[in-house]
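The next block holds one structure in the form of structure tokens; read it before the comments.
The values are calculated or read from the model by the stated rules, or taken from the named source; none is laboratory data. Keep in mind the model is a prediction, meaning the values are calculated, not measured. Cβ placement follows ideal geometry from the backbone for every residue including glycine, while neighbour counts extend to all protein chains displayed.
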Amino acid sequence: MKPFQKDNQLNPDVADALYELSNVGIGKATTALSKMIDERITIQTPVIMPTKTDIRKLVKSYHGKLSMGIVMRLGENLGGVVLVLIDQKFMKDLVNKLTGTQYTDEQMLKNEESLSAIKEVANIMAASYMTAISSYTGLRIYLTPVMVGVDIVDALIAYPIEKMYVNPKNCICINTSFMVQGKETKNTYTCQGNIVIFPDDSSLQVLVDSMM
């Protein structure tokens, strides 16, 4: 089965499978993060972007906004890159609670302890989703962190496209939002998050064949 139809729309059966995997994978991630910071985190139903469109257009609502970006390389049975985009405030709050230290945005990317916490959060988010795929398909999937940065989303998306030569149209984009419910009402807020998977051409077909 081809991932995309002739009109560049994602095959409906593929979209349905990705939707179910997103619910399971991102749901596991929020449960793990909730336990880590001892606050309730709920997730909005994930949205699978349905067309073979340049990723720079799919996340246009982010343009000009600062975000935290984590790039990880896929290994073993799948080749490609995973980009995790997380609202900067959400990541900063998680890091501060995990480390017990109040970091500035600049300090977060320079301090070894805060960087370790950032990578741990990103790994939980991406690995939970990829583990769901692995369990469903039987594929063994590994992730290796490559880059962590805070920048406008346009620049974060440009990194894997320009530096790692991924195809901006050959991607699976999962959009969602998180609600962090603090112990006090005033500490409750909602933030955006994206997981963008850029499998290489052969890996995309392997992934689809395994899901079907």
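So for the stretch 141-148 (the condition being modelled with pLDDT under 80, closer than 18 Å to ASN170 by Cα and not in a helix (DSSP H, G or I)), does at least one residue qualify?
Scanning the stretch 141-148 turns up no residue that is modelled with pLDDT under 80, closer than 18 Å to ASN170 by Cα and not in a helix (DSSP H, G or I).
Residues to consider are VAL59, VAL71; find the one that is within 30 Å of SER202 (Cβ to Cβ), crowded, with 16+ Cβ neighbours inside 10 Å and at pLDDT below 80.
VAL59 is the lone residue from the list that is within 30 Å of SER202 (Cβ to Cβ), crowded, with 16+ Cβ neighbours inside 10 Å and at pLDDT below 80.
Just one of (1) surrounded by 14 or more Cβ atoms within 10 Å (Cβ to Cβ); (2) at pLDDT 75 or above; (3) touching a Ser or Thr at 6+ places or on another chain (Cβ under 9 Å) trips up VAL14, so point out which.
(3)
Going through the stretch 182-195 one residue at a time, which ones are assigned to a strand (DSSP E or B) and either modelled with pLDDT under 75 or among the charged types (D, E, K, R) (or both)?
If the condition is that a residue be assigned to a strand (DSSP E or B) and either modelled with pLDDT under 75 or among the charged types (D, E, K, R) (or both), then TYR189 is the only one that fits.
For every residue, the table says whether it meets (1) under 18 Å from the mean Cα position of the chain (by Cα); (2) modelled with pLDDT of 80 or more; (3) in a strand (DSSP E or B); (4) not charged (D, E, K, R).
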| site | (1), (2), (3), (4) |
| --- | --- |
| ASP151 | yes, yes, yes, no |
| LEU156 | yes, yes, no, yes |
| TYR159 | yes, yes, no, yes |
| PHE178 | yes, no, yes, yes |
| PHE198 | yes, yes, yes, yes |
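Would you tally the residues in the stretch 161-171 being in a helix (DSSP H, G or I) and either on the phi > 0 side of the Ramachandran plot or hydrophobic (A, V, I, L, M, F, W, C) (or both)?
Within the stretch 161-171, residues that are in a helix (DSSP H, G or I) and either on the phi > 0 side of the Ramachandran plot or hydrophobic (A, V, I, L, M, F, W, C) (or both) number 1.
Examine the stretch 114-136 for a residue that is among the β-branched types (Val, Ile, Thr), touching a Phe, Trp or Tyr at 6+ places or on another chain (Cβ under 6 Å), in contact (Cβ under 8 Å) with a residue 24 or more places away in the chain and surrounded by 15 or more Cβ atoms within 10 Å (Cβ to Cβ), and state whether such a residue exists.
No, the stretch 114-136 has no match at all.
Which members of the stretch 1-59 meet the condition of being of a type in the set (Val, Ile, Thr) and either in contact with a Lys or Arg (Cβ under 7 Å, 6 or more places away or on another chain) or more than 30 Å from LEU94 (Cα to Cα) (or both)?
Residues satisfying the conditions are VAL14, ILE37, THR51, THR53.
All but one of (1) surrounded by 14 or more Cβ atoms within 10 Å (Cβ to Cβ); (2) out of contact with any Lys or Arg (no Cβ under 7 Å at 6 or more places or on another chain); (3) within 14 Å of VAL71 (Cα to Cα) hold for VAL146; state the number of the condition that does not hold.
Status for VAL146: all satisfied but (2).
Could you count how many residues in the stretch 93-140 are in contact with an Asp or Glu (Cβ under 8 Å, 6 or more places away or on another chain), of a type in the set (S, T, N, Q) and not in a helix (DSSP H, G or I)?
1
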